[in-house]
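Enquirer: After the structure tokens below, expect a handful of questions from me.
The values are calculated or read from the model by the stated rules, or taken from the named source; none is laboratory data. Just so it is clear, the model here is predicted, and its values are computed rather than measured. Backbone-built Cβ (ideal geometry, glycine too); neighbour counts: all protein chains shown. Quick note on the areas: whole protein, heavy atoms, side chains included, nothing else; ligands and nucleic acids left out. Shrake-Rupley method; radii C 1.70, N 1.55, O 1.52, S 1.80 Å.
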Amino acid sequence: MAKPVLFSLSVCFLVLFQGSLAQLSRSRSRSEEYSRRQNECQFDNLQALEPDTRIQAEAGLIESWDPDHEQFQCAGVAVVRRTIEPNGLHLPSYTNTPQLIYIVRGRGILGTVFPGCAETFEESQRGVQGRSARPEDRHQKLRHFREGDIIAIPAGVAYWTYNNGDQQLVSVTLLDTSNVENQLDQNPRRFYLAGKPEDEFDPQQQQHQQYQEQQGRDPSRRRRSSENKYNIFRGLNTRFIEEAFNVDSETARRIQGQNDNRNNIIKVKGRLDLVSPLMRSSQERKREGRWEEEREREERWEEEREREQRERERDWRSRRGDYDNGLEETFCSMRLKENIGDPSRADIFTPQAGRISTVNSFNLPILRHLRLSAERGVLYN
């Protein structure tokens, strides 16, 4: 009996020893890889780069930089710049990485869909001829943003942006491809939920556009016959979409982006009318012609709510320390934006030199989960 027991113990020790060696080997390889990257990522100066890819859409322009460039590889990020025309809508999409979006110019509306969070904005229509009321519009919380805002989007969260202003909306998006939340490879990947979009980081897009321009063709009409690979619903059967969303066949084909050549940013017919606090019925707004006044009221109301929420967050941290309470501090209710363009919010200011504004987990707690921060500097002449 002693020999089998000793043999079993020997096998256990051998397995534990091998597992420890494997774990030590993995830790050592990660450390060596980190050291190697640190040694490689040493530059005497940074280069100012022009975009490598340009996608002309119906209502805007998308420009991106090559993520394989050594500067972006060392930083572990990818960068995109979007220009959305007034009344333009960037189609809903999500990425494999967390994102930080900086609003360079303009203002607009951000809609997000957090998995597991309830649809909290709902408008009901009165029943007609004895029929029960049905929801006319249901969606999650809307957020108004303006110039100077930093917007944080976690990985896997679908969102869309709409330009409700009277000038171009310009934003710069940073995708943290080296973030631990990225469960895919180090390539930036965007998955659309509508339309017939094109890949933002495909260098062949730029080459094809230059070829079309040389041939005297309209570059915005390129690749109309190509396969729609970036709309996730394109690979599903149309009948399955009809049953899942309870829509007709025509709507299902629209969801799949069939015969849609408007690319990633589309023009909204009329105005995008959505349920939001302090907003009256669309008929009343149209009758009175007070779109601008209603929009300004909404923005002031949302800024006041964010100010109150920041005060509650500071009060919570002062009383309980830097701990999550597990109930209120969830992705469903967390703030997603903070303004770093307002001079009155500068962290460092010198009248002769300029100012620096920062956003981190202290003034935008969601960044603690994303492990990101941002800083903006303005130099005076």
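Enquirer: For residues that are among the charged types (D, E, K, R), at pLDDT 90 or above and surrounded by 10 or more Cβ atoms within 10 Å (Cβ to Cβ), scanning just segment 30-65, find the one that is nearest to THR173 (Cα to Cα).
Expert: GLU63
Enquirer: Within segment 207-256, take every residue that is among the hydrophobic types (A, V, I, L, M, F, W, C) and open to solvent by 90 Å² or more (accessible area, probe 1.4 Å) and give me the one that is modelled with the lowest pLDDT.
Expert: Across segment 207-256, the extreme among qualifying residues is PHE245.
Enquirer: Has segment 145-153 got at least one residue that is over 15 Å from TYR102 (Cβ atoms), open to solvent by 10 Å² or more (accessible area, probe 1.4 Å) and either charged (D, E, K, R) or in contact (Cβ under 8 Å) with a residue 60 or more places away in the chain (or both)?
Expert: Within segment 145-153, none of the residues are over 15 Å from TYR102 (Cβ atoms), open to solvent by 10 Å² or more (accessible area, probe 1.4 Å) and either charged (D, E, K, R) or in contact (Cβ under 8 Å) with a residue 60 or more places away in the chain (or both).
Enquirer: A further question on this structure: Name the residues in segment 69-86 that are out of contact with any Pro (no Cβ under 9 Å at 6 or more places or on another chain) and over 16 Å from SER171 (Cβ atoms), would you?
Expert: HIS69, GLU70, GLN71, PHE72, CYS74, ALA75, GLY76
Enquirer: Could you check segment 98-121 and list, in sequence order, the residues that are more than 14 Å from THR83 (Cβ to Cβ) and of a type in the set (A, V, I, L, M)?
Expert: Scanning segment 98-121 gives LEU100, ILE109, LEU110, VAL113, ALA118.
Enquirer: Right, another one. In segment 343-371, how many are open to solvent by 30 Å² or more (accessible area, probe 1.4 Å) and within 22 Å of the chain's Cα centre (by Cα)?
Expert: The total comes to 8.
Enquirer: Does ALA152 satisfy being outside any loop (DSSP other than H, G, I, E, B), closer than 28 Å to GLU338 by Cβ and modelled with pLDDT of 75 or more? Lay out the reasoning, then the answer.
Expert: Numbers: outside any loop (DSSP other than H, G, I, E, B): yes; closer than 28 Å to GLU338 by Cβ: yes; modelled with pLDDT of 75 or more: yes.
Here the answer is yes, as ALA152 does meet what is asked.
Enquirer: Further, regarding this structure: Show me the strands (runs of 3 or more DSSP E) entirely contained within segment 158-198 in which 2 or more residues are within 16 Å of GLY60 (Cα to Cα).
Expert: 158-162, 169-175
Enquirer: Mind counting the residues in segment 66-92 that are within 15 Å of the chain's Cα centre (by Cα) and open to solvent by 30 Å² or more (accessible area, probe 1.4 Å)?
Expert: Qualifying residue count for the region: 2.
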